[in-house]
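Structure, as structure tokens:
The values are calculated or read from the model by the stated rules, or taken from the named source; none is laboratory data. Please read these numbers as outputs of a predicted model, since none were measured by experiment. Glycine also receives a Cβ, built like all others from the backbone with ideal geometry; neighbour counts cover every protein chain displayed.
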DNA sequence: TATGTCGGTTACCTCTTGTAACCATCAGCA
DNA sequence: TGCTGATGGTTACAAGAGGTAACCGACATA
């Protein structure tokens with residue numbers, strides 16, 4: 001567990017071209033990369049963001065998350081459940097009722113996810129402008 | 001620009017089953033969703049995390065980001081450049097030298113990305129345990 | 001002359017996603 | 001006694017994203 005991989009994410013210093021830029025150890029297929037792929041997933045993000053301070057049923061999530069297919073929502077929820085981020089509660093009634101909610105672990109992640117969504121909302125205009133500028137620059141080049 | 005989409009991410013209240021759970025407006029294909037897909041992308045995350053307080057050359061990034069193909073790194077960097085998150089500086093020498101760095105906008109995103117990576121590093125063991133628990137539960141069910 | 005470096009691009013093939021159909025269970029309705 | 005609808009999925013198959021590998025120019029080195 002203490003194999004020295006907890007390097008700082010940022011070190012200044014280092015003057016020239018040939019130094020070791022490796023800041024943290026994220027080999028392909030390693031634990032951290034696998035988890036990053038999960039939590040930084042398109043649908044996972046939206047699910048976690050939505051489950052903030054409420055639990056939702058499958059169909060409610062499906063309605064809220066515009067564009068998600070039944071299959072991908074199902075797959076995403078099962079992955080999140082497996083990772084201990086979302087809890088699944090089945091009520092044995094008919095028609096079936098299944099509630100999804102964040103676990104305590106999921107709630108700690110929610111803070112970060114929310115800040116990502118907030119960042120996006122806050123800076124969408126800047127990005128739109130950057131895109132427009134880039135595209136018109138490219139057009140000029142081609143012409 | 002002020003079309004009333006800046007709803008709160010969380011509201012308590014609401015008592016029953018049939019209320020409107022919509023918390024923010026993220027239609028498929030809308031600006032926010034497009035940007036989220038970009039910044040929450042597997043390779044984008046790693047690029048932004050790596051470019052913290054240093055600029056890196058194409059080949060350095062390629063070496064650092066284990067598993068990325070030349071094509072995907074190229075595609076990712078061009079997208080990030082288009083979005084105004086990463087700057088690209090070409091030095092007209094031979095062999096060519098191209099430096100990539102975060103723009104001021106990219107640096108504001110870096111804070112959030114870093115917290116996502118940090119969260120992942122911090123909680124990887126809990127997640128590994130949750131996965132193991134889930135898998136053994138499933139095995140029991142099947143047997 | 002042959003090889004290597006650097007920063008890509010292009011063609012191709014694979015694997016993840018998305019689409020659509022299907023399933024069981026019961027409630028309400030005619 | 002069917003018929004329809006809601007719910008929470010699963011399965012087979014098609015489409016699109018992503019990965020693989022070869023190639024490129026311009027020079028430096030051997």
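Data for the structure
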item: Pairs where the first residue, in the range A:62-74, is within 11 Å of another protein chain (Cβ to nearest Cβ) and the second is near DNA strand C (Cβ under 7 Å from one of its atoms) and modelled with pLDDT of 95 or more, C-beta under 6 Å, 6+ apart; result: A:68/A:43
item: Filter pass, residue A:129 being farther than 30 Å from residue B:108 by Cβ and either without any contact (Cβ under 8 Å) to a residue 60 or more places away in the chain or over 19 Å from the mean Cα position of the chain (by Cα) (or both); result: no
item: Residue in the range B:62-84 that is nearest to residue A:137 (Cα to Cα), counting only those that are near DNA strand C (Cβ under 9 Å from one of its atoms) and in contact with a strand residue (DSSP E or B) (Cβ under 9 Å, 6 or more places away or on another chain); result: B:78
item: Any helices (runs of 4 or more DSSP H) falling wholly within the range A:38-143 and containing at least 2 residues that are modelled with pLDDT of 95 or more and loosely packed, with under 14 Cβ neighbours inside 10 Å; result: A:70-82, A:104-142
item: Filtered residue count, the range A:100-123, keeping only those that are within 11 Å of chain B (Cβ to nearest Cβ) and touching a residue at least 40 places away in the same chain (Cβ under 8 Å); result: 7
item: Residues that are within 16 Å of DNA strand C (Cβ to nearest atom) and surrounded by 15 or more Cβ atoms within 10 Å (Cβ to Cβ), drawn from the range A:25-36; result: A:33, A:34, A:35, A:36
item: Identity of the residue in the range B:44-61, more than 10 Å from chain A (Cβ to nearest Cβ) and closer than 30 Å to residue A:66 by Cβ, that ends up farthest from DNA strand C (Cβ to nearest atom); result: B:48
